[in-house]
Amino acid sequence: MMIGAASCAPASDAGIPLVAVISFVVNQDGTRTKWIIHGERIVDQNPHIRLSIASVQLPDGRKFDQYVMRMRRAAMTLVLDDSKNHILMMWRHRFIIDRWVWELPGGYVDSAEDGQSAATREVEEETGWRPRSVSRLLTFQPMIGSADCPQEVYVAHGADHVGSPEINEAEIVRWIALGELPAMIQRGEIIGAASIIGVQYALSPALPLAQ
């Protein structure tokens with residue numbers, strides 16, 4: 001790493017420098033604001049999550065330790081009915097926050113499957129409906145400041161009823177009209193990040209469908 005400084009520009013007519021002198025560290029890759037991890041110690045882990053403590057150095061040289069979570073990727077699916085006027089959602093209890101909420105179906109991607117297969121499987125397991133077509137929309141990180149937790153959102157058009165949802169997954173499965181969704185979000189009935197992203201996409205049909 002190299003230490004550098006921004007030179008002061010000529011004074012303006014008001015006598016105020018246009019640029020203040022700033023000292024900074026230049027990393028080997030040419031960046032100045034990258035946070036550097038010098039080490040990471042595992043605290044606990046299971047097949048779904050790994051909790052560790054990372055030794056981090058800030059751009060100004062200060063160092064500190066921070067808890068970091070690294071989780072398996074998950075796939076959630078926005079399922080639209082044939083009319084594209086309703087989406088498939090499930091009402092379930094989330095014990096961590098002790099609340100009943102409406103969500104899109106989804107879950108972890110198993111090590112032996114791809115995201116599209118996981119999305120299809122999770123919809124059927126959690127709702128009893130089998131989507132006919134599934135396409136990837138996007139991947140996002142919901143807690144990027146504290147966790148590496150990739151979440152993939154898929155879009156499906158049409159579904160066939162093939163059975164009942166698993167008892168551990170959903171209390172109620174329902175096709176909800178698009179017109180009901182904004183008020184449900186406002187009332188706090190839909191709060192999961194992936195579900196809100198999927199709902200907002202459903203409410204903006206002009207957006208392109210990523211493959």
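Here, each number is a calculation from the coordinates, and none is a lab measurement. As the structure is a computational prediction, the values presented were derived from the model and not from experiment. Here the Cβ positions follow ideal geometry from the backbone for every residue, glycine too, while neighbour counts run over all protein chains shown.
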Q: Quote the Stokes-Einstein diffusion coefficient, in whole µm² s⁻¹, for the range 74-202, based on the Kirkwood radius over alpha carbon pairs, a temperature of 37 °C and a viscosity of 0.692 mPa s.
A: 224 µm²/s
Q. Taking the Cβ-Cβ separation of residue 52 and residue 72 as r and a Förster radius of 22 Å, what is the calculated FRET efficiency to the nearest 0.05?
A. 0.90
**Q.** Neighbour-count order for 201, 108, 67, 154, fewest beta carbons within 10 angstrom listed first
**A.** 67, 108, 201, 154
Q: Please work out how much length the chain gains when fully extended from residue 200 to residue 147, using 0.36 nm per residue of separation minus the C-alpha to C-alpha distance, in nm with one decimal.
A: 16.7 nm
Q) How do 101, 134 rank when sorted from fewest to most other Cβ atoms within 10 Å of their own Cβ? A) 101, 134
